[in-house]
Amino acid sequence: MNKHKERLRVILAICIIVVGVTHFVVPEEYVKIVPPPLPYPLGLVYLSGFYEILGGIGLLVPPVSQAAAWGLLALFIAVYPANIYMAANLIKIEHIPNSPWVHVVRLPLQAVLIAWAWWYTKSSFGEKQASIVPKSLIPKELE
């Protein structure tokens, strides 16, 4: 199980980093789905993109991976209203089919992301963890 968990950690990290980068590359696509009552939609898009990138990188740094997972879990919950707003208003986003069925299927996928991040909030002490930091650079007390 540990081997699969670590592969999935890397997959989640890479996916969330890529999505975070797209917040800076095509922010207008994300601005469209920010619910109108929220202030500074572009700022919120950049902020969420920044935290996605930070969280994805954090998942791959053992001393902070658990905190990063908690942060991503909170972020996935925080952005859920944008997904609901998108589905309720059938907002077209580039490269995503604009069908009510697609929106209905996408909404529960956020719960999968939340559960996936939650899986990494549990301590991995004693387990070999995927890392972008060489083990020699991690202080013994943080391993």
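Remarks
- Only one of the listed residues (99, 65) is under 18 Å from the mean Cα position of the chain (by Cα), open to solvent by less than 60 Å² (accessible area, probe 1.4 Å) and hydroxyl-bearing (Ser, Thr, Tyr). That residue is 65.
- Filter result for residue 130 (under 25 Å from residue 7 (Cα atoms), at pLDDT below 95 and aliphatic (A, V, I, L, M)): yes
- Counted as qualifying within the range 1-111 are the helices (runs of 4 or more DSSP H) with 3 or more residues that are under 19 Å from residue 122 (Cα atoms) and small (Gly, Ala, Ser), namely 41-59, 65-78.
- Selection from the range 18-52 of residues that are touching a residue at least 24 places away in the same chain (Cβ under 8 Å), surrounded by 19 or more Cβ atoms within 10 Å (Cβ to Cβ) and aliphatic (A, V, I, L, M): 33, 34
- Test: residue in the range 70-92 that is more than 16 Å from residue 113 (Cα to Cα), at pLDDT 95 or above and in contact with a His (Cβ under 6 Å, 6 or more places away or on another chain): no
The values are calculated or read from the model by the stated rules, or taken from the named source; none is laboratory data. Predicted model only: the values in this text are computed from it and were never measured. Please note: Cβ atoms are built from the backbone with ideal geometry, for glycine as well, and neighbour counts cover all protein chains shown. The protein model used for the area step is the full one, side chains on, heavy atoms only, and it has no ligands, DNA or RNA in it. Shrake-Rupley method; radii C 1.70, N 1.55, O 1.52, S 1.80 Å.
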